[in-house]
Every structure is written in structure tokens, then in C-alpha cells.
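The next block holds one structure in the form of C-alpha cells; read it before the comments.
The values are calculated or read from the model by the stated rules, or taken from the named source; none is laboratory data. These numbers were taken from a predicted model, which means no experiment stands behind them. Neighbour counts run over all protein chains shown; Cβ positions are idealised from the backbone, glycine included.
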Number of protein chains: 2
Amino acid sequence: MTQPVWDPLVRDCPSRRLLDRIGDRWTVLVVGVLADGRLRFSEIQHAVDGVSQKMLTQTLRALERDGLVARTVFPQVPPRVEYELTDVGRSLLGPLRALTDWATEHMSGVLDARGSYDEAQARDELAAH
Amino acid sequence: MTQPVWDPLVRDCPSRRLLDRIGDRWTVLVVGVLADGRLRFSEIQHAVDGVSQKMLTQTLRALERDGLVARTVFPQVPPRVEYELTDVGRSLLGPLRALTDWATEHMSGVLDARGSYDEAQARDELAAH
DNA sequence: CTGTATCCGACCAGATACTG
DNA sequence: CAGTATCTGGTCGGATACAG
């Protein structure tokens with residue numbers, strides 16, 4: 001018996017590229033803050049702590065290109081640009097929430113496991129002398 | 001109203017670090033091929049197309065450190081090492097499947113959106129001359 | 001305010017060679 | 001078979017300066 005559920009992931013490049021996008025450092029966070037509604041560029045930057053202007057621009061462009069985020073420019077001075085999730089973008093919220101829920105639930109357990117592993121490593125290194 | 005669901009993601013570093021791990025290039029694929037059961041190192045490498053020995057080792061070590069994968073060494077010559085998901089590791093399969101299902105379902109739409117966006121870009125660049 | 005352009009350091013990942 | 005060690009090119013991302 002093979003792994004039918006995972007075949008697309010392993011063999012099929014297109015779906016893997018989608019996962020690559022989700023995997024980057026800021027995409028999930030940006031989609032997250034856009035979950036509630038429209039936001040201006042500066043509002044997103046403020047909400048996603050630590051993101052640089054360059055990275056936020058790149059992330060939003062990629063999301064727009066993939067049709068997950070809609071960009072609206074208001075012809076004003078100074079400029080006003082607002083971003084919001086499209087229907088497709090919103091459809092990603094469910095799966096993403098499943099992941100973050102898992103992370104929240106298992107965070108402490110994983111952190112403990114890391115501690116134990118690192119302790120064991122330290123002991124082994126000492127024993128090597 | 002704030003974004004209560006996403007606050008942990010944006011502000012809480014530990015849970016973000018968990019997502020960072022999932023976001024790397026090979027973790028999801030390795031967890032995927034281990035979904036069915038125990039596998040040897042070489043079997044995993046064969047199943048996950050394109051992964052180098054170095055990256056597979058690093059990925060498996062990280063998963064072991066986090067308690068998502070169990071590593072069993074058989075004291076033989078030549079060595080035999082088997083990997084399998086722990087209970088925690090298996091608990092990640094559900095959320096992961098939600099994501100891959102989403103990717104499969106929306107793949108073509110996203111690809112179309114990319115094509116349209118790139119076309120529009122090309123037109124704009126031509127119009128600039 | 002919302003970008004774009006450029007430079008540069010840090011990290012990632014592949015290739016290769018070697019070991020128990 | 002299952003790693004470790006090292007080198008190196010490429011990419012990511014931050015800082016800065018500047019533009020519309």
C-alpha cells in the first residue's frame with residue numbers, strides 16, 4: 001500500500017509550490033491579521049510585529065499575485081492602499097487555524113521534548129571526554 | 001475588536017517557532033511519508049524526491065528533538081535505523097491534511113491568478129515605453 | 001503614506017569527501 | 001547503511017536611501 005493522501009505533496013510540483021508560499025516567514029502572519037477585514041499597509045505593518053517594509057511589500061505582492069489578497073488603491077495624496085482577503089484567501093483561514101490550534105495545544109510538550117533532547121546531548125558530549 | 005485567534009501567532013514567539021519548523025522545505029514531506037508507518041533512512045530518502053542526505057538528516061534530527069518522530073537504531077553491521085511518528089507527530093497529520101487538501105482544491109485557481117497577474121504586469125511594462 | 005532600488009551580511013542547502 | 005565534516009554558491013532578509 002502506498003501513501004495516496006501524500007502523493008500530491010511528494011510528487012506534484014504545483015501543490016508543493018503552494019505550500020512553499022505558506023511556508024515563508026510572513027505569509028501566515030499577514031493572512032492572520034487580514035482575517036478580520038480591510039487594513040492599510042501601515043496598519044498591517046504595525047500588527048505584524050517585526051516585519052520590514054520590504055518583506056511586507058513582497059509578501060503582499062505574492063498574495064495578490066496568487067489571488068488570495070485584493071489590493072485597492074485610493075487616488076489620493078498621500079496615497080491610501082487597503083488590503084483584504086479574497087474569498088479564496090478566506091478559505092485558507094480554516095486550515096491555517098487548524099495548524100495554529102495544534103501549535104498552541106502541543107507547544108509546551110514540544111518545548112519539553114527539546115529540553116530533554118538537549119540535556120541528553122549535553123550528557124553525551126561530557127561522557128565523550 | 002482585535003484578532004484574538006491570531007494573537008498567539010503574532011506576539012507569542014514559542015508558537016511561532018513551531019510554525020517555523022513546519023514551514024521549512026522538507027518537514028511536511030517527511031512527516032507525510034512517515035504517515036503510514038516505520039521507514040528506514042534510505043526508504044525515506046527515496047520516497048521524498050530531491051532531498052539530500054544532509055537535509056534529510058537535519059530534518060529528522062529536528063523532528064526527533066521536538067518529539068514528533070522516534071528514532072530506533074538496530075545494533076547491526078551495516079547499521080539499520082528506523083523512524084516513525086510518535087503520537088504527537090501523528091496528531092499533526094490532521095491539520096496538515098487540511099492544508100494539503102486546500103492546496104489541491106485551489107491549486108488551479110491560484111495558478112490561473114498568477115498567470116493573469118503576470119500578463120497584466122507584462123502589459124504595463126510594455127505600456128511604459 | 002506607500003512604495004522602489006541598492007547594498008550587504010547571515011543563513012540555507014547542495015556537492016563532495018570521508019567514517020564507523 | 002547511515003551518517004559527519006567542510007566548502008561554496010545562492011538566496012533571504014534587514015538597513016538605508018530615495019521617489020511619487
Total residues in segment B:18-40, condition in a helix (DSSP H, G or I) and more than 21 Å from A:Glu105 (Cβ to Cβ): 3
Check on A:Leu29, crowded, with 18+ Cβ neighbours inside 10 Å, at pLDDT below 55 and at the interface with another protein chain (Cβ under 7 Å from one of its Cβ atoms): no
Pick from segment A:14-26, criterion within 9 Å of chain B (Cβ to nearest Cβ), buried (at least 16 other Cβ atoms within 10 Å of the Cβ) and not basic (Lys, Arg), ranking: farthest from A:Gly94 (Cα to Cα): A:Ser15
Any hit, segment B:106-127, residues being within 30 Å of B:Gly37 (Cα to Cα) and either in a helix (DSSP H, G or I) or under 27 Å from the mean Cα position of the chain (by Cα) (or both): yes
Matching option when the condition is away from DNA strand C (no atom under 12 Å from the Cβ), within 14 Å of the chain's Cα centre (by Cα) and of a type in the set (Val, Ile, Thr), among B:Val48, B:Val30: B:Val30
Hey, B:Leu92 facing chain A (nearest Cβ under 9 Å) and over 21 Å from A:Ala113 (Cβ atoms) or not: no
Filter result for B:Val77 (of a type in the set (Val, Ile, Thr), in a loop (DSSP other than H, G, I, E, B) and modelled with pLDDT of 90 or more): yes
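Each row is one residue, and each column tells you yes or no for (1) in a helix (DSSP H, G or I); (2) farther than 27 Å from A:Pro95 by Cβ; (3) not hydroxyl-bearing (Ser, Thr, Tyr).
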| position | (1), (2), (3) |
| --- | --- |
| B:Ser42 | yes, yes, no |
| B:Gln45 | yes, yes, yes |
| B:Leu60 | yes, no, yes |
| B:Thr72 | no, yes, no |
| B:Val88 | yes, no, yes |
Hits in segment A:71-89 (condition: within 12 Å of DNA strand C (Cβ to nearest atom) and buried (at least 16 other Cβ atoms within 10 Å of the Cβ)): A:Glu82, A:Tyr83
Test: residue in segment A:47-65 that is acidic (Asp, Glu), at the interface with chain B (Cβ under 9 Å from one of its Cβ atoms) and within 16 Å of DNA strand D (Cβ to nearest atom): yes
